[in-house]
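All remarks here apply to the structure that follows.
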Amino acid sequence: MNQHDLEQLREKLDAVNLQLLELVNLRATYVKEIGQVKSKQGLNRFDPVREREMLNHLIEHNHGPFDNATIEHIFKEIFKAGLELQEDDQSKELLVSRKRKPENTVIDIKGLKIGDGNPHFVMGPCAVETYEQVREVASVIKEKGIKLFRGGAFKPRTSPYDFQGLGIEGLKILREVADEFDLAVISEIVNPAHIEVALDYVDVIQIGARNMQNFELLKAAGDVDKPVLLKRGLSATISEFINAAEYIISRGNGNIILCERGIRTYETATRNTLDISAVPILKQETHLPVMVDVTHSTGRRDLLIPTAKAAMAIGADGIMAEVHPDPAIALSDSAQQMDIPTFETFYQELSKFRASIS
Ligand SMILES: [Mn+2]
């Protein structure tokens, strides 16, 4: 074979490559059309029986030189790419997706605009214990000009023998104190049946980490006209987190605040590992405001200031932390709640930091 023959063969190969390219893309357009028909009929996009039929059909007509296993492998990749193409389309369609709505969602909570580009604070005790305890924290929060007041009335705890919260009674205390100081109440609801009752007492419904995939609760929160703060699950991927938010918005309630609160990893130096990069990812992927809970992600009082600074620097729309008049006797999270002097320092440091980066 001389140089001329080789060049001719290469030209033929280039031509076949282009033919294959055209055919692969032609196949993709048919796959997309089939996907559209299927989604109209409510059918599953992946059909393993059909895929097996296609592979068998190919093998029947295979005359080599490739063996059947190689043909199966090559076509399996082509099928997979087609399926991924459909999945891309699906995520484009998510209501929480920025592809669907490019502009930021800004949520108005008693005049405070969450998602307006400024970091806001959500402060308050881990759990509502007594009227006096709640009132004491609320008065300090108010003094600082903070509007968002958190407190747990329903406490989903790891152990059934730990303090479970005061329930509806706790919500009543929160409302009474919040009205006195003109604050907005954020409190966790754990039972879909309590959503309606909670509307009278809370300004923001919190869905906690342990309930991030409680789909009936997500749907119930999606059915009402009240902002929802959704925390990331302990072991939830970002995609699972986004899909949990989609459950809420798909029912009509688009006022959702996402909250990164640390994920479970092998690290034991902190209670959870704060996944700080989740903040910009969530802000790129969705149009929703994103907050960071520094108390539960670290479980350490000495890390609250540095992690809150990191959250602000990376673009979080809010910082959540817990404050208790006497953390040593707190009925929950006593190791990481701030006492009032510590909170004063925390707030001062972060206000300075906020001014320095804005
Ligand atoms: Mn707590």
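Quick note: the coordinates plus some simple rules give every number you see, no bench work behind them. Remember, it's a predicted structure, so these values are computed and weren't measured experimentally. Methodologically, a virtual Cβ is constructed for each residue, glycine included, from the backbone with ideal geometry; neighbour enumeration extends over all protein chains shown.
Structural remarks
- Taking 0.36 nm per residue of separation and subtracting the Cα-Cα distance, full extension of the segment from Ala328 to Gln19 would add 103.9 nm.
- Less than 5 angstrom separates the built amide H of Asp326 from none of the residues sequence-distant by 5 or more or on a different chain.
- From helices alone, the chain scores -15000 deg cm²/dmol at 222 nm; the rule is -39500 (n - 2.57) for each run of n ≥ 4 DSSP H residues, then divide by the residue total.
- 0 to 90° range, to nearest 10: angle between helix 238-249 axis and the chain longest Cα axis: 70 degrees
- Lys pairs under 19 Å by Cα in the stretch 107-357, provided they are eight or more residues apart or on distinct chains: 24
- Spin-label pair Arg50/Glu132, simplified geometry with 7 Å Cα→Cβ offset, distance in nm: 6.9 nm
- Prolate/oblate/rounded label for the stretch 48-191 (Cα gyration tensor, a/c 1.5): prolate
- Top positive-direction residue, dipole computed over the stretch 1-93 with Cβ charges, set Phe79, Gln8, Val49: Val49
- Hydrodynamic radius (Kirkwood) for the chain, which is based on Cα pairs only, to one decimal in Å: 23.2 Å
- Dipole magnitude of the chain, debye to nearest 20 (Cβ charges: Lys/Arg +1, Asp/Glu -1, about Cα centre): 260 debye
- Point-to-point label distance, Lys172-Ala335, nm (Cα→Cβ direction, 7 Å offset): 3.5 nm
- Cα-based helix-to-principal-axis angle, 3-40 vs the chain, degrees rounded to 10: 50 degrees
- Least to most buried among Thr237, Thr342 (fewest other Cβ within 10 Å first): Thr237, Thr342
- Extension gain for Ser250 to Asp67 (0.36 nm times residue separation, less C-alpha to C-alpha distance): 61.1 nm.
- Max mean-square fluctuation residue, GNM over the chain, Cα-Cα springs under 10 Å, options Ala69, Ala278, Ala198: Ala69
- Angle between the chain longest axis and helix 48-60 axis [Cα atoms, degrees, rounded to 10]: 20 degrees
- Note on the chain: GNM, Cα springs under 10 Å; of Gln337, Gln348, Gln41, the largest mean-square fluctuation is that of Gln41.
- Largest GNM mean-square fluctuation among Gly262, Gly111, Gly208, using the chain with Cα springs under 10 Å: Gly111.
- Under-5 Å amide H pairs with Val128, H placed in peptide plane, nonlocal only: Gly152, Ala153, Leu166
- A Förster distance of 30 Å, applied to the separation of the beta-carbon atoms of Asp179 and Lys99, puts the FRET efficiency at 0.15.
- Length added when fully stretched, Ser277-Met1, from 0.36 nm per residue minus Cα-Cα: 93.6 nm
- Relative exposure of Glu349, Glu60, Glu93, judged by other C-beta atoms within 10 Å (fewest first): Glu60, Glu93, Glu349
- Charge dipole (Cα centre; +1 on Lys/Arg Cβ, -1 on Asp/Glu Cβ; no other charges) of the stretch 101-149 amounts to roughly 160 debye.
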